[in-house]
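Taking it in order: structure first as structure tokens, then the write-up.
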Amino acid sequence: MNEKKPISTAHSVSSTNGGEGRFKLGRSAELLVAARLVDLGFDIFFPFSDRSPVDLIGIWEGQTQRIQVKARWTTREGAGQHVTVSGVRSSNADALVVYLDKPTPSFYIIPSSELNGATTMTFYPGGRSAKRPKKYWDEWRDRWDVLKCSPECT
């Protein structure tokens with residue numbers, strides 16, 4: 001029988017088997033990023049489907065940017081904030097925006113071409129780590145200007 005599949009994420013496995021909180025937190029981060037972009041003068045569009053490889057589209061003076069948003073809401077005391085970014089590539093997103101809620105709200109705007117295949121990133125918004133990580137991402141903190149130019153200008 002041809003059973004129709006639901007077209008919303010309300011019935012997806014991740015939202016019915018305990019993942020509902022993660023879905024809502026992810027959507028909250030997307031809305032925070034969108035609100036910040038609107039405040040900066042961007043036009044914002046959300047993809048029609050929640051199954052899209054990007055979370056939102058930002059437009060600045062005719063330049064379109066495909067944006068993937070990742071967030072970390074809980075922290076570990078005295079440690080870096082780990083964010084899983086597997087699947088974000090320059091072929092499906094122009095930029096990654098990472099939102100960290102603690103110790104103070106922080107945004108990192110990173111061109112996807114800078115990820116170099118990273119699947120997990122560690123951020124230190126409260127200060128540098130005593131143990132050197134694979135890469136620091138400090139240079140991308142609050143770099144909203146990255147989204148105001150073409151991917152080639154970063």
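What does the extension gain come out to for Cys149 and Phe45, with contour length at 0.36 nm per residue minus their alpha carbon separation?
Full extension of this stretch gives 35.7 nm more.
On a full-extension model of 0.36 nm per residue, what is the gain between Thr74 and Tyr136, subtracting their alpha-carbon distance, rounded to one decimal in nm?
Gain on stretching Thr74 to Tyr136: 20.3 nm.
Each label point is 7 Å from the Cα along the Cα-to-Cβ direction; what then is the distance between the points at Ser113 and Thr84, in nm?
2.9 nm
Would you mind ranking Ile59, Ile110 by Cβ crowding within 10 Å, fewest neighbours first?
Ile59, Ile110
Readers should treat all values here as calculations from the given coordinates under stated rules, not as data from a laboratory. Keep in mind that this is a model prediction, so the values were computed, not measured. So basically every Cβ, Gly included, is an ideal-geometry build from the backbone, and we count neighbours across all protein chains shown.
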